[in-house]
There are 2 protein chains.
Amino acid sequence: MKLLTRNTDYAVRAICCMASKPEKVFTVAELTNGLKIPRPFLRKILQLLNKEGIVRSTKGLGGGFTLAMKPSRIFLSVLMEAFQGPLKINECIFKKKICPDIGRCPLRRKINMIEDHVVSELRSVTIGSLIKKG
Amino acid sequence: MKLLTRNTDYAVRAICCMASKPEKVFTVAELTNGLKIPRPFLRKILQLLNKEGIVRSTKGLGGGFTLAMKPSRIFLSVLMEAFQGPLKINECIFKKKICPDIGRCPLRRKINMIEDHVVSELRSVTIGSLIKKG
DNA sequence: TTATAATGATACCATTTTAGTATCATTCTG
DNA sequence: CAGAATGATACTAAAATGGTATCATTATAA
């Protein structure tokens, strides 16, 4: 039962790192040094963040990545969705086939309530709120 | 992000099924019919439930499985722990190595709060509460 | 204008977890 | 003792996750 995968975890850290010098262009190498993340893996992560518009990339000598948004606008939930897919905790495994009988749907209902809480909590977390001292 | 694995899901159903006739001894075959769970897999699940003392087994002709506890005493959290391990949502991946710097620990703190909520909710659910009408 | 430093795209591989099977031993009943 | 049931356990299959490798593209600067 893992709420955050490594992808997301790494992304959060890289972004936190970048948030410390908002205008600076970071190369992947610079980021890996501080964060101890395998370099090619971090590249892949940053490329996705770029596609998502969270980070901006520039190629060539002197290029690298910069934050494209204010930390207070970067939501944890958005990162999780990008790297882990939809924020669902409970996928009804049997798609309606068996549900109706046995006390299974009450279970789903309960799980859904839990899920709603988790998701709304996650949606309240931004990178800004994370780096604003701890 | 899956709160319940198949194991647990199947276990819940099988138990709900058994709870409908508390004194009846169910063979695996009977349970699979109603539940569409692969038979040898369900056997494994029931064997574990037996070891956990949630279900009682009898061998030989006429044997099978019966509930060993009242539904109201069977906690979802206990089933989850049996099949999925400790109720942890967030395992600090880097064991203190990187934590201290960057805004990572605030993240953990937040995740921990979410986890506490989830766990306490789960601990409040019993099979009894699930089958008590829906 | 060319060498080089950077990312873009993408295909691939390794590991771990989850899901499921197979088999033989044991026990109970008739 | 035969057969119907579970006990124990080892194995296999599939999916998800984590990570590599490689070649293409672009920008800079000598």
Give me the distance in nm between label points sitting 7 Å out from Cα along the Cα-to-Cβ direction at A:K44 and A:K21, one decimal. 2.8
Alpha-carbon radius of gyration plus Dmax, which is the widest Cα pair, for chain A in Å: 18.3, 63
Mind giving me the nanometre distance, one decimal, between the label points for B:S57 and A:L87, set 7 Å out from Cα along Cα→Cβ? 4.2
Rounded, prolate or oblate (a/c below 1.5 giving rounded, otherwise prolate when a/b exceeds b/c) for the stretch B:37-85 by Cα gyration tensor: oblate
Rounded if a/c under 1.5, otherwise prolate or oblate - the stretch A:15-61, Cα gyration tensor axes: rounded
Okay, helix-only estimate at 222 nm for the protein assembly as shown: each DSSP H run of n ≥ 4 adds -39500 (n - 2.57), divide by all residues, round to 500 deg cm²/dmol; what do you get? -15500 deg cm²/dmol
The protein assembly as shown: Rg/Rh from Cα coordinates, Kirkwood Rh? 1.11
Within a 10 angstrom radius of each residue's Cβ in B:110-123, how many Cβ atoms of other chains show up on average? Whole number is fine. 4
Which pairs break 27 Å Cα to Cα here: A:K24/A:K51; B:K36/B:K88; A:K2/B:K59; B:K51/B:K88; B:K21/B:K88? B:K36/B:K88; A:K2/B:K59; B:K21/B:K88
The stretch B:1-53 and the stretch B:116-131 have their Cα centres apart by a whole-number Å value of 19
Relative contact order of the stretch B:6-131, defined on C-alpha pairs under 8 angstrom at six or more residues apart (%): 28
Once you place label points 7 Å from the Cα toward the Cβ at B:R123 and A:D116, how far apart are they in nm? 2.4
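Read-outs: derived from the displayed coordinates by stated rules, not from any lab. Keep in mind the model is a prediction, meaning the values are calculated, not measured. Virtual Cβ from ideal backbone geometry, glycine too; neighbours counted across all protein chains shown.
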